[in-house]
Each structure stands twice: as structure tokens, then as C-alpha cells.
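The values are calculated or read from the model by the stated rules, or taken from the named source; none is laboratory data. Here the structure is a predicted model, which means the values were calculated and not measured. Note that we place each Cβ from the backbone using ideal geometry, even for glycine, and neighbour counts take in every protein chain shown. Heavy atoms of the whole protein, side chains included, go into the accessibility calculation; ligands, DNA and RNA do not. Shrake-Rupley method; radii C 1.70, N 1.55, O 1.52, S 1.80 Å.
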Amino acid sequence: MGSKVISRAKEFYNILRSLQDEENNDPCTYEEDIQMLKMNGDRIPVLNMYCGNQPVFICEKAVPKINEPDDQPMTETPNCADSDDDADDNADANILQAELGPQPLTIMKARQFLSWYTLSQNTNVSSVDNNPALHPLWVRCDMSDPAGTTWFGAETVSMGNRVSGVKLYSVTCKGSTVDKGSLITLDELKQEHKKRHHPSSMAIKGSARFILFGSTVVEHTIIESQSSVTVDFKWSHVESILETPPLSSLATLNIKVASGDMRSPMYEIYRELEFLQTLADGLRTGETEWLEPLESMSAVDLTKAFLEELQDTAKTLQDKAAKKADTTKLKTETEIFNSFLERGDLDFVEQLWVRMRKSVTSCQDIGDCLKLVTEALRYGDIKPWIHRDSSSSLSKLILQSYHQQIDHVSLTGVTPVQMLLEMGLDKMRKDYINYLIGEELTTLNHLCYYLSTEVDLQEQVIRLRKLHHLLEIIVTCSTFLGLPYDRLFLLTQSCLQHYKAHPYDEEHEFKLQIKPALIGHFYQKEQPVLWGAEVSSGHGSREVRTSVQLSDRPLVDHVIFETDYPNETVNGDSENSAFFSTMACCSLVNFA
């Protein structure tokens, strides 16, 4: 019997080892209905505090995937008349099972896997080789035991290159309750730790998370937002369950902002960026999905009127006065636009972009408008001013017009769209520079990557989107949270550095250290969405911990919790928030 168990343990080890050595993270199947995955522990909330971002094995019941249209059928059905019905039934079953999400194993099966894992790492067991340490193993459980266990885990403990023991974890959960008196007390948590480990001394730490900005509740209706700013607190000397984090806590903002939020002061310039992206997509794919025009007047009529205004101004005013008139007029027009980054020094090309981006609905429109402009330049009807550092093709034609010598431009094919895209890139880059430099959040040297015109237009658009996302983040933290200059400066530098090396990603969460006093009015009277206490003893790899986490929603996604309380606690909307309880315990097993 013992040799059979050891044989199964070695077989189990070999499967995990081969999964550990694989460069990819593709799951593997064990015993037909069990799935093994390799992933970073921080992707699962319950495991994050124990594993962080280190790789772990996840063991769960296999769930059939939805068959893609191009997939080959798994089996052939001899009865052709029934094949369509069977296929429909199978597809429905697959969809239903996929919607269930990850599925747990029985407690008995989970214990068996932990036993094999432990045996395979114990060099004192007969016939077990000196196996290299495995990643931690975590098994989803079905809560069928009296304790309500949702996870079992195991992690090796090493001395040098030798595995000297394992830590065994159990995670138990309870459904939500508004009765604070039914929650575990701090003394009970300490006693649970003492009962398992008999320590000579213990340390206790607190943690909490609050939502500062994100989804809101209006008249019992949740208004979802893709943007969120949360704050994580960590502190020592916890005195009671659900206590408010003290001002001495270490506080970290987690900032995730999605562009296009209508509440943002950046919304109008986001719409401008969307039009610019439409032009770039049209150049890349050959097909353009034009946005609805914001102006009732056609693009050609708007351009004609603009050119006539310039000609009339040139006849009646000196050049300096003309510039002032243009600037004043543009400000009046853009008040309707209400752009957060509105500038008062838009040159001719930028003013033309503002009109065209609100009115063009086809490539023909763009070509016709630019033809009117180039003809006016060629015949000397207008002598507009432009910024010295303008780099668009139209700006270069204007510079040539100062010397009565303009190159011929064929306004056919994609050339007009490319010229308009260049105009927009030029204008929006200056908008962003104007804000960042004006607020002293960075310098031109730090913006070189984002302002480069040496890369192709598509890459220029990508970098501009990164810069826009940076501003969305800064403006959100400035407008809604009122962060002081020094925090905004550090956040700007962090975002600039990140986007130099990483692709555009609105799901990325930026971190920022902050003093709790700066945001005290946001959280001190609110309920946390996550609150935790952790008792620990021992040091280094022999440290053991017992923890409890209280949350406004389950931290486990593979079981269904029975509860009589609706979960409507977004942003602390309810004074009597319901909390789910998740407790994690650890045992240290030494190999003699």
C-alpha cells in the first residue's frame, strides 16, 4: 500500500515538474477531469497575500471549453439526422459549463493531492529522490467539510538547496453578514494562531482597501465605471476588527483610468483623439468609419468662411493686431468645445484642424478643404502665421508661401488624410505639452520619446494615446482627489517611465505612495471594501501566519455563498455593509 502511494506521489510530482519547466502557461489535464494550471499568485485575491506574483500551481476540476466555429468535432455521430440537434445540445452544455467558471474538487481529493505533493518533496521517504523544489500548489475545494474549506495549499520550505519541510494552508469562508458581533474578534484570531503554533511572541498587522473613485450608487442603482482609484493601507498595532486605518499607516493609491469617461474634464479632447485615431485606422486598413459631424455647416463651407475671415482681417489690421483678433475669436469658438487643454495661441493650421475635425465626413471633404487652402496660399490670398516648430506637411507649404514658392501637392489617394492626421498630431502634442510644462509636471527632455516625429505616423498616434492616458490619470487625481503638486509630479514621472517601455494598456494599475492625511476625508467615514488582520510568528521561511479578511464581495469564485443580504456596498453606500469572511491558517511540517 505504501509503495503504491509513493508511486502515485512520484507520478504527481513528474506532472507538476513538467508543467513547471514549460515556458508557456498552457493547462494540462490529470485523470481526465482535473486541470492543472501555472499562473502568478497575485491573479487570485485569496492567494495574493501568500504568494504575491510568484508562480503557483492551481488544481481544479476541468471545465469543457466552448467549441469555436472552426474547431473540428470531437466525435463523429453515425446518425446524420440527429447530428444537428446533438451539436446544438453539446454547444449549449459547453456554454453553460463555461459560464460556471472555475470548479472545485472534493475535500478528499484535495487532501490527496496535498499528501502527494508533500511526499514527493520529503527526501526521508523511501524511494523518493532528492527532487528539486516545486512551485506552491493550491487546490480549489468545494466547502463540503464542517469548516467550509475553499482552498488547500502547500509550499516548500528550503534550507539552502535542500527542501526541509512544507507549509500547509487552509482557507475557510463564511457568507455575508451585517451582524458585526458575529465576526471573529482579534482575541479569537490570536488564540487560533497560538493553538496551532505555540509562539513565544506574535506580531499583528492590519490592512484595508477603500474605493476613492469609481463606480457609484445613485438611488440604489450602481453606475459602473471602467476607471477606479483605490487606496491600500497597511499598519501595525491593530486594536479591533474593522478599525479605521490610523494616520501613521502606509498608504498606496492604485490608479486605473479608462479614457472616455464622460465625467472627466478630458472628455472633449478624448473625442478629438478618437477622430485622430479614426484617420490613423483608415490609413492602416483602407477603410474609414467616419464619426458623426459636430457642425451643421459642411467642412468645405467652414473652410471657405475661415479663409474669407483671414483675408478680411489681413486687409483691415496690421499683422500683430490680426494675430490678436484670430486668437480672441478662436477662444470664443472653443468655449463651446470646452476643452480642458484649451490654448489661446492656436496657429492657422491648428485652427483649421479644429474646424475640419468637427465637420469632415469623407476623404473627398478633406481633399476639397485642403485644395482651397493650398490655392489661397499659392495665389497669396492669405499669409497665415504658424508655430515655429510645426512639422506637418501643410505647415511646410505655408513656410514656402512666405517666399512665394510652393511645391505641388497631389491631393489624391491617401495624401489628404495623411496631411490632416499630421495636423492633428501636431496640434494635440502641443496641447499636452502646454499642460504638462505649464503645470511644471515634467520637462521637454522627458517628453522626447512622446514627441518624436522620426517614427511613422501609426507609432506617433500610439505614443500620443499614451500621453493622453497619462493626462487622464493626472487630471483624475488632480480634479477628483485634489492631490498636491509633489504627488502629481511623482505620478507623472512614473507614468512617463512606464509607457516608454510598455504598450498602451488602460488595465494597468499605477501605484503611488501617499500620506493618509491627504485623503482622510475620502475614507474615514466610509466602509472598506476589504479589511484584514494577520497574526504572525517565526522568521524568514519559517514564518507562519493566521489571517482573516472581511470583504464586501466573496474572495472565492468557485463556490456559491448563501446569504440573505444583497451586495450593494459600492463606495460604502450602506451604513450597515455586509461582509464576507475569509480565514487562512498555516501549519509548518518539518521533515526530520
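Restricting to region 466-519, and then to whatever is among the β-branched types (Val, Ile, Thr) and in a helix (DSSP H, G or I), can you tell me which residue is surrounded by the fewest Cβ atoms within 10 Å (Cβ to Cβ)?
Applying the filter and picking the extreme gives 479.
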Inset, instruction - Take region 117-132 and flag every residue that is surrounded by 22 or more Cβ atoms within 10 Å (Cβ to Cβ) and touching a Lys or Arg at 6+ places or on another chain (Cβ under 9 Å). - result: 120
Inset, instruction - Please state which of the following conditions residue 314 fails to meet, knowing it meets all the rest: (1) surrounded by fewer than 16 Cβ atoms within 10 Å (Cβ to Cβ); (2) modelled with pLDDT of 95 or more; (3) small (Gly, Ala, Ser). - result: (2)
Inset, instruction - Starting from residues that are of a type in the set (D, E, K, R) and touching a Leu at 6+ places or on another chain (Cβ under 7 Å), keep the ones in region 423-446 and report whichever is nearest to residue 354 (Cα to Cα). - result: 431
Inset, instruction - Within region 370-388, identify whether any single residue is assigned to a loop (DSSP other than H, G, I, E, B), in contact with a Phe, Trp or Tyr (Cβ under 9 Å, 6 or more places away or on another chain), open to solvent by 10 Å² or more (accessible area, probe 1.4 Å) and among the small types (Gly, Ala, Ser), and answer yes or no. - result: no
Inset, instruction - Please work out which residue is farthest from residue 241 (Cα to Cα), limiting yourself to region 480-537 and to residues that are basic (Lys, Arg) and touching a strand residue (DSSP E or B) at 6+ places or on another chain (Cβ under 9 Å). - result: 487
Legend entry - All positions within region 390-415 that are surrounded by 11 or more Cβ atoms within 10 Å (Cβ to Cβ) and not hydroxyl-bearing (Ser, Thr, Tyr): 394, 396, 397, 398, 399, 400, 406, 409, 411, 414
Inset, instruction - Being in contact with a Lys or Arg (Cβ under 8 Å, 6 or more places away or on another chain) and of a type in the set (S, T, N, Q) is the filter here, so list the residues in region 272-315 that pass it. - result: 277, 303
Inset, instruction - Filter region 281-311 for residues that are assigned to a helix (DSSP H, G or I), in contact with a Ser or Thr (Cβ under 6 Å, 6 or more places away or on another chain) and among the hydrophobic types (A, V, I, L, M, F, W, C) and give the result. - result: 299, 302
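Would you call residue 455 open to solvent by less than 30 Å² (accessible area, probe 1.4 Å), modelled with pLDDT of 95 or more and over 17 Å from the mean Cα position of the chain (by Cα)?
In short, no.
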Inset, instruction - Just need a number here: residues in region 28-64 that are outside any loop (DSSP other than H, G, I, E, B) and among the acidic types (Asp, Glu). - result: 2
Inset, instruction - Considering only region 539-552, state which residues are open to solvent by less than 40 Å² (accessible area, probe 1.4 Å), under 10 Å from residue 197 (Cβ atoms) and not hydrophobic (A, V, I, L, M, F, W, C). - result: 546
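For region 520-562, how many residues meet the condition of being assigned to a loop (DSSP other than H, G, I, E, B) and not aromatic (Phe, Trp, Tyr)?
Taking region 520-562 and keeping what is assigned to a loop (DSSP other than H, G, I, E, B), we get 524-529, 538-539, 543, 552-562.
Checking the rest, the ones that are also not aromatic (Phe, Trp, Tyr) come to 524-529, 538-539, 543, 552-560, 562.
Qualifying residue count, region 520-562: 19.
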Inset, instruction - With the checklist (1) modelled with pLDDT under 90; (2) touching a helix residue (DSSP H, G or I) at 6+ places or on another chain (Cβ under 7 Å) in hand, flag the one item residue 568 doesn't pass. - result: (2)
Legend entry - Test: residue in region 133-150 that is open to solvent by less than 10 Å² (accessible area, probe 1.4 Å), of a type in the set (Phe, Trp, Tyr) and within 23 Å of residue 36 (Cα to Cα): yes
